[in-house]
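Presented below is the structure to which this report refers.
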Amino acid sequence: VSPTVSPAVPPRHMDSVLDILDILESPARGGFPGTAAALGRGLGICSTPGCRAVLGEPPRIPERPSALTPGQWQLLTDLLSHDPATPELGAVLAPDGSTVALGPLLAGIEVGLRSGGFGRPLPALDPPADPLLAVTIAEALGTSFLLTQEGDNNTTALGPGGCWDDVENPQNYTLRGPPSPVPDPVAIGAMDGVVLGAQLARGPLPVVELLRGYYGTGNGSEAGRPPSSYRRRNFGALAGQGRLEKEVAAVLGVLRTLSPTPELLRDVGTQEVAAVAHKAAREFSKRYVECPAIVPRCLWGARPYRGTPAPLQPPLGSVFLHHTLEPAWPCRTFSACARAMRDMQRFHQDTRGWDDIGYSFVVGSDGYLYEGRGWHWVGAHTKGYNTQGFGIGIVGDFTTTLPDPDTLALVRDELLPCAIHSGHIRPDFTLRGHRQLGHTDCPGNALFQEIQSWPGFQ
């Protein structure tokens with residue numbers, strides 16, 4: 001008798017989830033919109049008091065739908081029945097290289113569908129709170145910041161990010177630091193849940209179609225940026241810091257009225273709730289809306305640093321701007337930018353004989369920054385000045401053309417202000433093009449002309 005083989009569980013990639021949703025929600029196979037959200041609740045994605053107040057008590061634990069293979073069902077139950085203590089287990093890798101927790105994403109989708117007239121109407125909350133923000137981010141943020149307030153000062157309320165074991169076949173995701181109730185995948189899933197829930201509330205669309213269009217498919221191999229790479233901007237437009245603060249306070253008010261009152265809120269007064277909401281909204285906005293996302297080395301497939309890196313002493317006074325020249329074409333997808341990073345690192349280590357890729361950060365035209373030497377280690381980007389500033393390279397040859405406006409804005413309006421308020425560069429920093437400090441045409445005539453109008457340029 002052959003030994004029992006465990007069913008083939010698909011990789012933890014958004015494409016695998018979309019294949020499953022396609023089966024569950026396609027009318028041709030007897031499915032209907034909202035099936036996935038209901039399944040998710042049956043499996044436990046909406047187990048918090050605030051989420052249950054909005055979406056109702058979960059349906060009973062479902063059986064495996066006959067259309068799904070045992071491996072697909074295994075993946076779905078693994079992703080959706082995770083314990084709130086380990087939220088990262090409910091996450092998948094999206095084609096844009098970001099890691100998305102499915103719980104807040106599906107909860108936002110269900111609220112969107114029901115607001116748009118699909119399924120049971122949503123209850124009116126007392127005090128009034130926005131159901132979409134309540135189930136995606138407001139409750140999670142409020143409780144996370146209440147917990148850190150009561151705990152010791154070393155606990156964090158947001159983050160960290162993490163890394164997959166293998167980007168092509170993701171199975172295990174490991175956080176790169178002590179977990180908070182809102183690690184990066186939960187924040188990202190919540191932002192996506194808000195953006196997509198708001199879209200569904202305006203007019204129902206088949207959920208799979210909505211998600212395929214939003215994330216792009218095929219591990220980021222298509223030609224342009226998917227809408228998901230704009231999530232920070234789009235979430236900020238829907239729920240800026242002021243709105244988020246108001247909704248965190250409102251949902252904590254709703255929690256207070258539930259019986260029995262959650263332990264967390266027992267001795268918390270109105271002023272304290274207001275202070276927690278203010279802090280939570282400000283910290284979340286700083287980290288996830290105003291600052292650009294950085295793809296860590298482990299995700300783009302970096303080789304190890306050779307030798308011992310020398311630490312930088314922040315805050316630094318300079319930023320040096322480069323173009324990569326090779327590759328000469330901007331990269332517009334996660335897979336293309338990750339490949340460009342590996343090629344540059346190989347060239348810098350094997351041909352130039354450097355310890356690592358020279359740049360501190362590299363900017364793709366996919367909406368992401370890629371970590372090179374990062375904030376903490378001396379780079380090899382601007383000879384004679386490497387200890388004094390960060391070297392930022394933009395992928396492409398910008399001798400005669402410019403990076404697209406979104407890519408310029410990412411550096412000018414997000415990366416530089418974010419580096420100031422996170423203490424990496426001084427508020428009075430100077431920005432220079434590489435050619436001002438060495439015999440080179442870098443960062444290209446067109447780009448050098450452009451940065452002369454930027455803040456800090458000298």
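Structure above, values below:
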| quantity | calculated |
| --- | --- |
| Debye intensity ratio I(q)/I(0), log10, the stretch 161-203, q values 0.15, 0.19 Å⁻¹ (C-alpha model) | -0.52, -0.70 |
| Cysteines without a disulfide-compatible neighbour (Cβ-Cβ under 4.7 Å), the chain | 442 |
| Dipole of the chain, positive direction: furthest Cα of 417, 439, 300, with charges on the beta-carbon | 439 |
| Average Cα contact separation per residue, the chain, under 8 Å, 6 or more apart, as relative contact order % | 14 |
| Gyration tensor verdict on the stretch 95-160 (Cα atoms; rounded if a/c is under 1.5, prolate if a/b is larger than b/c, oblate otherwise) | oblate |
| Sequence of 73, 300, 377 from largest to smallest accessible area, 1.4 Å probe | 377, 73, 300 |
| Dipole of the chain, positive end: most advanced residue of 240, 173, 361 [Cβ charges, Cα centre] | 361 |
| The stretch 14-290 - convex hull of the alpha-carbon atoms, volume per residue in Å³ | 125 |
| Cα-based convex hull, the stretch 295-374, per residue volume (Å³, whole number) | 101 |
| Protein-only accessible surface order, largest first, of 126, 355, 267 at 1.4 Å | 267, 126, 355 |
| Global form of the stretch 170-282, assessed from the alpha-carbon gyration tensor, a/c cut-off 1.5 | prolate |
| The stretch 316-452 shape via C-alpha gyration tensor axes, a/c threshold 1.5 | rounded |
| Neighbourhood charge, 13 Å Cβ-Cβ cut-off, centred on residue 350 and excluding it, Lys, Arg +1 and Asp, Glu -1 | +2 |
| Positive-end extreme of charge dipole, the chain - chosen from 250, 80, 335 (charges on Cβ) | 335 |
| Length released on extending from residue 150 to residue 261, taking residue separation times 0.36 nm less the Cα-Cα span | 38.3 nm |
| Two-site FRET efficiency, residue 402 against residue 233, from Cβ-Cβ distance with R₀ of 22 Å, rounded to 0.05 | 0.65 |
| Spin-label zone in the stretch 176-198 - amide nitrogen under 20 Å from a point set 7 Å from the Cα of residue 89 along the C-beta vector | 176-190 |
| Lysines with Cα under 26 Å of residue 246, excluding same-chain neighbours fewer than 8 positions away | 279, 286 |
| Estimated dipole of the stretch 14-290 in Debye, rounded to 20 [Cβ of Lys and Arg +1, of Asp and Glu -1, Cα centre] | 720 |
| Distance from the stretch 346-401 to the stretch 173-191 (C-alpha centre basis), Å | 27 |
| Over the stretch 1-119 - Rg/Rh using Cα atoms and the Kirkwood inverse-distance radius | 0.98 |
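The values are calculated or read from the model by the stated rules, or taken from the named source; none is laboratory data. Since the structure is predicted, the reported quantities are computational estimates derived from the model, not experimental observations. Please note: Cβ atoms are built from the backbone with ideal geometry, for glycine as well, and neighbour counts cover all protein chains shown. When the accessible area is computed, the model is the full protein with side chains, heavy atoms only, and any ligands, DNA or RNA have been set aside. Shrake-Rupley method; radii C 1.70, N 1.55, O 1.52, S 1.80 Å.
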